[in-house]
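Novice: After the structure tokens below, expect a handful of questions from me.
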Amino acid sequence: MTTGLSAVREHDDQGADAGARTLMRAARLHNVGDSMVVEQVEKPRASGTDVIVEVRACGMVPNLANVLANWETWYPHEPLPPRPAIFGLDPVGVVHEVGEQVVAFSPGDRVYVNPSRSCGGCHACSAGTPQKCDYWTFAGYFGFNENSLEMYARYPHGGFCEFMKAPQSSLVPLPDDLDFRHATRLGYLGTAYSAVRQLGPLAGKTLIVNGGTGTLGVGVTLIALAMGVSRVFAVARGVPLLARLRELAPDRIEIHSNLEGSAAAWVKARTRGLGANFMIDTLGAVASLDSMKDAMGGVRRGGRVVNIGGTAGELGLDVKWWMDNSIELVGSAWFTTAEGMELVDMIEFGALDISALQPKAWPFEKINDAINGVTSGDGGFTSYLVEL
């Protein structure tokens, strides 16, 4: 691989035609409630430690329509990008141009772009925990406080455009045999991987996956199995998708529809009254908190509960139960670029099999159809994306 400095010169010599192009296609949202408009906008240029990625595909968040229509009402303290905005959370593509300070990547490299943006200079960023940075923001999605507006000014592009600017620290190299369609799922898989890592060693341990048939839940199940968990207790509503999930590892996955009774009572019955060692909650934004609370009751003394779902509201948790049973409650948001690299290595070398995940793609020009079509698949077994 050439260095970043020589790559700039090489790309300037070889890419005169591409460099001369000053406009690109982008899907932009002008007003809340409107459809996205595919239009011509200015193409970004690389400088410093930033790169320009030519986007080949971008994952479609199953909840995107709700976010675009309702986020500012639901969570007014968490800003969306200023309109007109280019959304798109999970872009993959090829490095097109690199800044003069880039040393780790060259034009032509295949990459996933982690949408995590942070200041890069605080203690949290330096410690490898950018989610704790006061400027932490999802490029192409939403931010967490008013500081996110400064990050959007610096990195205004999500993945719904032909070319996007991103810091080199956000890039996850992709092997040639990981196709772009599957790579658009890395955001959800990375979130699942980070959560599973926080459980510690899994050999001989048991795990409740609440919301097991959703996009996050299927990912958690696949990764926990790959990392050695003994048994998964998958909880969801729909029996057909639960049965499909069990087929991934029939001897290690047990399933329960919470429409048929308490998940906590079911898990306790399957574990001689003790409960599971761990639980990861993956429920979506409009799910009932009652399901989460019930499933938590299936965790044994000294257990750990990690929440990566989108539910919101007051849980009404008995803090005496929490204390008396030495339960750990952990909130885990997204994943680091380093964790993304580890995850890709697991996929490349066969430790993690994601062949059960089936991509469903729309052409870029049909992006509004894609936004409205993300419930047309098979739960968490379907990955949604647009292709450029």
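Novice: Return the only residue of 298, 379, 310 being touching a helix residue (DSSP H, G or I) at 6+ places or on another chain (Cβ under 8 Å), at pLDDT below 95 and small (Gly, Ala, Ser).
Specialist: 379
Novice: Output yes when any residue across segment 140-149 is surrounded by fewer than 23 Cβ atoms within 10 Å (Cβ to Cβ) and among the aliphatic types (A, V, I, L, M), and no when none is.
Specialist: Yes: segment 140-149 contains one or more residues that are surrounded by fewer than 23 Cβ atoms within 10 Å (Cβ to Cβ) and among the aliphatic types (A, V, I, L, M).
Novice: Something else now. List, please: which pairs have Cβ atoms under 9 Å, are six or more places apart or on different chains, and start with a residue in segment 139-158 that is of a type outside the set (A, V, I, L, M, F, W, C) and end with one that is surrounded by fewer than 19 Cβ atoms within 10 Å (Cβ to Cβ) and assigned to a helix (DSSP H, G or I)?
Specialist: Qualifying pairs under 9 Å: 143/149.
Novice: Show the residue pairs that are 6+ apart or on different chains and have beta-carbon atoms under 8 Å apart, the first residue being within segment 283-294 and farther than 13 Å from residue 235 by Cα, the second being aliphatic (A, V, I, L, M).
Specialist: The qualifying pairs are 285/312; 289/315.
Novice: Moving to a separate point now. Within segment 353-380, can you find the residues that are farther than 28 Å from residue 25 by Cβ, more than 17 Å from the chain's Cα centre (by Cα) and hydrophobic (A, V, I, L, M, F, W, C)?
Specialist: Hit for segment 353-380 is 356, nothing else.
Novice: Only one of these is closer than 25 Å to residue 328 by Cα and either out of contact with any strand residue (DSSP E or B) (no Cβ under 9 Å at 6 or more places or on another chain) or at pLDDT 95 or above (or both): 184, 213. Name it.
Specialist: 213
Novice: Quick check on residue 169: is it touching a helix residue (DSSP H, G or I) at 6+ places or on another chain (Cβ under 9 Å), open to solvent by 50 Å² or more (accessible area, probe 1.4 Å) and either assigned to a loop (DSSP other than H, G, I, E, B) or more than 30 Å from residue 267 (Cα to Cα) (or both)?
Specialist: The answer is yes for residue 169.
Novice: Here's something else I'd like to know. Any residue at all in segment 100-118 that's over 26 Å from residue 357 (Cβ atoms), in a strand (DSSP E or B) and touching a strand residue (DSSP E or B) at 6+ places or on another chain (Cβ under 7 Å)?
Specialist: There is at least one residue in segment 100-118 that is over 26 Å from residue 357 (Cβ atoms), in a strand (DSSP E or B) and touching a strand residue (DSSP E or B) at 6+ places or on another chain (Cβ under 7 Å).
Novice: Only one of 61, 98, 103, 92 is touching a residue at least 60 places away in the same chain (Cβ under 8 Å), of a type in the set (A, V, I, L, M, F, W, C), in the same structural domain as residue 377 (by the TED database) and touching a Cys at 6+ places or on another chain (Cβ under 8 Å). Can you tell me which?
Specialist: Every option except 92 fails the conditions.
Condition check ((1) surrounded by fewer than 19 Cβ atoms within 10 Å (Cβ to Cβ); (2) within 30 Å of residue 141 (Cβ to Cβ)) across all residues:
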site	(1), (2)
281	no, yes
284	yes, yes
297	yes, no
319	yes, no
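Novice: Still on this structure: If residue 369 meets every condition in (1) outside any strand (DSSP E or B); (2) over 22 Å from residue 211 (Cα atoms); (3) touching a residue at least 40 places away in the same chain (Cβ under 8 Å); (4) not small (Gly, Ala, Ser) apart from one, which number is that one?
Specialist: Looking at each condition in turn, residue 369 falls short on (3).
The values are calculated or read from the model by the stated rules, or taken from the named source; none is laboratory data. Predicted, not measured: the structure shown is a model, and the values here were computed from it. Methodologically, a virtual Cβ is constructed for each residue, glycine included, from the backbone with ideal geometry; neighbour enumeration extends over all protein chains shown. We work out accessible area using only protein heavy atoms, side chains counted, and drop any ligands, DNA or RNA first. Shrake-Rupley method; radii C 1.70, N 1.55, O 1.52, S 1.80 Å.
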